[in-house]
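Input: a single structure, listed below in C-alpha cells.
The values are calculated or read from the model by the stated rules, or taken from the named source; none is laboratory data. Quick caveat, the model's predicted, so the values are computed rather than measured. Counting neighbours? That spans all protein chains shown, and the Cβs are built from the backbone with ideal geometry, glycine included. Areas reflect the complete protein model, heavy atoms only, side chains present, ligands, DNA and RNA absent. Shrake-Rupley method; radii C 1.70, N 1.55, O 1.52, S 1.80 Å.
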Amino acid sequence: MRASRPLYVEIDIAAPVERVWQLTQDPVLQPRWDARFTAIVPTRLRPDGAQEFRYELALGVHTIRGTGVSLGERLRADGRRTSALVFDTEDPLSPLGRGRGYWRYEPIEGGVRFSTGYDYAPGWGRIGQVLDPLLTRRLVWWLTAWSFDRLRIWAETGAPPVPIWRAWLSGAGERPRARRCRSAPRQVATSHARDVMADAPQTLGRLG
C-alpha cells in the first residue's frame, strides 16, 4: 500500500511572534484553540529542556489519552522559532498512533507565518491503514487547519475562542475557516509533500 503523505498546514497571523508563541506553548491555552485536544498536562521536564506531557481528546462517549514530549527552540540566528514534538497512544480506538512533527514560527512583515508539518502511523490496524489516506488524514488536516485559523482570530483580535458548537452559529464573531490555510510550503508547492518532514528542525531528531 502506498504510504500516506505527511500533513502540512500554514497560516499568516497578523500578531507579534511572542503572542503566537504564548498561545501555542502554554498547555492551558493550547486546548482552547486546538480542537485536536481537550487537555494537555505537563508531567516531567527533561534535563535538556524537553517537556513530557499527557494529552486527552474527549469525544463524549470516549476519551482518547496519550503521551508526548516537545522541545522548543526560540533563539535561532535567523529569527525563526521552532517546536518539535513526538506523541503516542495505546488507545485502540485512536485513529492516530505514534507520530512526530514540528511547529515553525517565521517572522514576516506585520506578523508571523505559523506552520506545522507532521506524520503519524494510522491506528485501527488494517482498517485504519485503508481509511487513513481516503478519510482520516483528510479530516485530520481539516481539523488542524480549522484550529490554526481559530488561533489566528484569537491572536489578532484578542477574542478568546468560543466552544466549537458556538463557532458555527451566527453572531459568534468571525468564524474559523480551514481554507484560509495552505496545505504545502510555498517554496516546494509543486514538489512531493514528503519534503515537509525533510525540512523538520534538528531538535526533532533529539526526541527519538
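Listed by first and then second residue, the pairs with beta-carbon distance under 6 Å, at least 6 apart or on different chains, first residue in the stretch 25-37 and part of a helix (DSSP H, G or I), second β-branched (Val, Ile, Thr) and open to solvent by 40 Å² or more (accessible area, probe 1.4 Å), are 31/38.
When residue 153 is tested against the conditions (1) among the β-branched types (Val, Ile, Thr); (2) in contact with a helix residue (DSSP H, G or I) (Cβ under 9 Å, 6 or more places away or on another chain); (3) closer than 21 Å to residue 85 by Cα; (4) at pLDDT 90 or above, the lone failure is (3). The set of residues in the stretch 61-80 that are at pLDDT 95 or above, of a type outside the set (Val, Ile, Thr) and more than 18 Å from residue 119 (Cβ to Cβ) comprises 62, 65. The stretch 70-170 holds no helices (runs of 4 or more DSSP H) entirely within its bounds that carry 2 or more residues that are under 25 Å from residue 14 (Cα atoms) and over 20 Å from the mean Cα position of the chain (by Cα). When residue 38 is tested against (1) surrounded by 19 or more Cβ atoms within 10 Å (Cβ to Cβ); (2) within 17 Å of residue 140 (Cα to Cα); (3) within 14 Å of the chain's Cα centre (by Cα), exactly one condition is not met: (1).
Restricting attention to the stretch 156-168, the residues that are open to solvent by less than 60 Å² (accessible area, probe 1.4 Å) and touching a helix residue (DSSP H, G or I) at 6+ places or on another chain (Cβ under 9 Å) add up to 3.
Restricting the first member to the stretch 133-149 and to residues that are free of Cβ contacts under 8 Å to residues at least 12 places away in the same chain, and the second to residues that are open to solvent by less than 20 Å² (accessible area, probe 1.4 Å) and assigned to a helix (DSSP H, G or I), no beta-carbon pair is closer than 9 Å while six or more apart or on different chains. Checking the stretch 67-84 against the condition returns no match, with no residue being over 27 Å from residue 202 (Cβ atoms) and open to solvent by 60 Å² or more (accessible area, probe 1.4 Å). The number of residues in the stretch 84-128 being without any contact (Cβ under 8 Å) to a residue 60 or more places away in the chain and either more than 21 Å from residue 180 (Cβ to Cβ) or basic (Lys, Arg) (or both) comes to 21. Inspect all residues belonging to the stretch 12-19 and state whether any of them is β-branched (Val, Ile, Thr) and in contact (Cβ under 8 Å) with a residue 24 or more places away in the chain. Looking for residues that are β-branched (Val, Ile, Thr) and in contact (Cβ under 8 Å) with a residue 24 or more places away in the chain, one finds at least one in the stretch 12-19, hence yes. Residues in the stretch 41-66 that are free of Cβ contacts under 8 Å to residues at least 24 places away in the same chain, farther than 21 Å from residue 123 by Cβ, open to solvent by 50 Å² or more (accessible area, probe 1.4 Å) and not in a strand (DSSP E or B): 2 in all. Of the residues making up the stretch 8-24, those that are in a strand (DSSP E or B) and either out of contact with any Gly (no Cβ under 7 Å at 6 or more places or on another chain) or closer than 21 Å to residue 159 by Cβ (or both) are 9, 10, 11, 12, 13.
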